[in-house]
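The next block holds one structure in the form of structure tokens; read it before the comments.
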Amino acid sequence: REVGASGAFEAPHELMPLQGANGPHTYLGDSSLVSCDLIDPYPTIAQWNPTVAEAVEICSSLPSCGGFLYTTADAAVAQGGANLALAEYCRPQSFSSGTASATSSIGFPRYIYESCDLEIKLQTAVPHFHGSLSVSRGTCVRPGRGLTTHRDRSPKPKGQRYRPQPRKTVEVSGFEYKVGSDVYRSEAQAVAGSADGLAHTMQTSSGVEYFMPGTTHELAAQPIALDGYFPLYATEVAAQWASTRGGGNGHAQQVGPTTSYGLPARWTLEPGAQVYHMPLDGPALYFGDYVAPIAVDGYFPLYEQLADAKRMSLDGQAQSHGPGSSTGHPTWWTTGQQVLYYMPSLPSGGLETYFGNYLPRLEDIPLYETVLVSTARQNTTHDWAAVTY
């Protein structure tokens, strides 16, 4: 579409792919997009009454962020909350349409440009129930040439295309493995990611040695949580081993739309009809009701509901954290919210407890990723520091 009197047109763009992408992008506000699937695990983000521009900045710093839901202060009051705006960050392509109302949020999906001849700031208005939001969005355009109008063909014969940098892989016996997730350069890293606390070595054709979690290739798979189901494994033998390790009889079952179990009706992870394996007994099993823990200000694992924290505790007990909590700490959250979170007293699944000192593993942070860290203190305004890893 034409974006100015000079004959310039906005460059082609598409929704951010499910696996994420780098490169020039923009956000298009739409009040008919009222819900989404939040990023899981949800990042620890310090924000207080954010503007749309601040929400754009934070989402752009998260490689897995496919956009955000913006709740205006008026909508927050209509919901019964404080007169403060709120931004929630979403998985790519997970927005759902609905009827805009006094309490609904405004969706801002993230779009990726194929190429960018020229980036400008374009002032746009996003109508919503309570009025209109004035938003300045970054826009890639194809400028007109001289006094002529825009031509469909880009002035650049070979426009630059932006694609995510592939993760390093190694090949062993005809199979490719991702370094940092499937295999590791050190034994300690592999052991840390192993379900049984062991690791084994493997060598490439050139003799380079890597380490894989588990005693064998078949037992290397780690459990995943998806759509409330946990633990899920890609192979039957890994699920059988998990059953044995958890004190079960070593049997496994298939889970998915095309299995005899028949549930869920569709996975939210594409292609949606894949088959996973779960232990038949042994470890704690969750069929659609598993809640992943979150980290807030270095506290982990935390749950929003007391019942969830107790259910994930080996002794069925949990403690509260936050202002006015049973533990008395922390006395405030950097989000500014006066809320309580709950931590299992004895977390299941081998999780350790952290009280303000939890950090993600370095191998989970992409190289040169800029993370916004709050440097605010209590009773002061919020400042931001950019930390590059």
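The values are calculated or read from the model by the stated rules, or taken from the named source; none is laboratory data. Nothing here was measured: the structure is a model prediction, and the numbers come from that model. When we count neighbours, we look across all protein chains shown, and the Cβ atoms used for this are built from the backbone with ideal geometry, even at glycine. The accessibility values were calculated without ligands, DNA or RNA, using every heavy atom of the protein model including side chains. Shrake-Rupley method; radii C 1.70, N 1.55, O 1.52, S 1.80 Å.
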Of (1) within 22 Å of THR169 (Cβ to Cβ); (2) surrounded by fewer than 19 Cβ atoms within 10 Å (Cβ to Cβ), THR215 satisfies all except one. Which? (1)
Going by the conditions given, is SER260 at pLDDT below 80 and not β-branched (Val, Ile, Thr)? no
Taking interchain pairs and intrachain pairs at least six residues apart, which have beta carbon atoms under 9 angstrom, with the first residue in region 245-270 and farther than 21 Å from GLY214 by Cβ and part of a loop (DSSP other than H, G, I, E, B) and the second basic (Lys, Arg) and open to solvent by 90 Å² or more (accessible area, probe 1.4 Å)? PRO257/ARG266
Considering only residues that are exposed (fewer than 15 other Cβ atoms within 10 Å of the Cβ) and touching a residue at least 24 places away in the same chain (Cβ under 8 Å), look in region 78-99 and name the one that is nearest to the chain's Cα centre (by Cα). SER96
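Every residue, every condition in (1) modelled with pLDDT under 85; (2) among the hydroxyl-bearing types (Ser, Thr, Tyr); (3) closer than 25 Å to LEU198 by Cα; (4) in a helix (DSSP H, G or I), yes or no:
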position	(1), (2), (3), (4)
ALA284	yes, no, yes, no
LEU302	no, no, no, no
THR331	no, yes, no, no
VAL339	no, no, no, no
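Per-residue answers, yes or no, for (1) modelled with pLDDT of 85 or more; (2) open to solvent by less than 70 Å² (accessible area, probe 1.4 Å); (3) in a loop (DSSP other than H, G, I, E, B):
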| site | (1), (2), (3) |
| --- | --- |
| LEU133 | yes, yes, no |
| THR139 | yes, yes, no |
| SER154 | no, yes, yes |
| PRO166 | no, no, yes |
| GLU176 | no, no, no |
| SER181 | no, yes, yes |
Does TYR261 fit the bill of being exposed (fewer than 15 other Cβ atoms within 10 Å of the Cβ) and touching a strand residue (DSSP E or B) at 6+ places or on another chain (Cβ under 6 Å)? yes
Looking at region 42-54, is at least one residue touching a residue at least 60 places away in the same chain (Cβ under 8 Å), open to solvent by 20 Å² or more (accessible area, probe 1.4 Å) and in contact with a Lys or Arg (Cβ under 8 Å, 6 or more places away or on another chain)? no
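For the structure I just gave you, tell me whether ALA75 is open to solvent by less than 30 Å² (accessible area, probe 1.4 Å), aliphatic (A, V, I, L, M), under 20 Å from PRO127 (Cβ atoms) and not in a loop (DSSP other than H, G, I, E, B).
Details: open to solvent by less than 30 Å² (accessible area, probe 1.4 Å): yes; aliphatic (A, V, I, L, M): yes; under 20 Å from PRO127 (Cβ atoms): yes; not in a loop (DSSP other than H, G, I, E, B): yes.
So ALA75 passes the test.
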When (1) surrounded by 17 or more Cβ atoms within 10 Å (Cβ to Cβ); (2) under 30 Å from LEU118 (Cβ atoms); (3) more than 12 Å from the chain's Cα centre (by Cα) are applied to CYS65, the one that fails is (3)
Failed item in (1) open to solvent by 30 Å² or more (accessible area, probe 1.4 Å); (2) within 19 Å of SER31 (Cβ to Cβ); (3) under 22 Å from the mean Cα position of the chain (by Cα), with SER105 passing the rest: (1)
Please determine, by comparing only the residues of region 241-258 that are under 15 Å from PRO231 (Cβ atoms) and open to solvent by 80 Å² or more (accessible area, probe 1.4 Å), which one is nearest to the chain's Cα centre (by Cα). GLN254
Hits in region 17-40 - residues which are assigned to a loop (DSSP other than H, G, I, E, B), surrounded by 18 or more Cβ atoms within 10 Å (Cβ to Cβ) and touching a Gly at 6+ places or on another chain (Cβ under 8 Å): PRO24, GLY29, SER31, CYS36
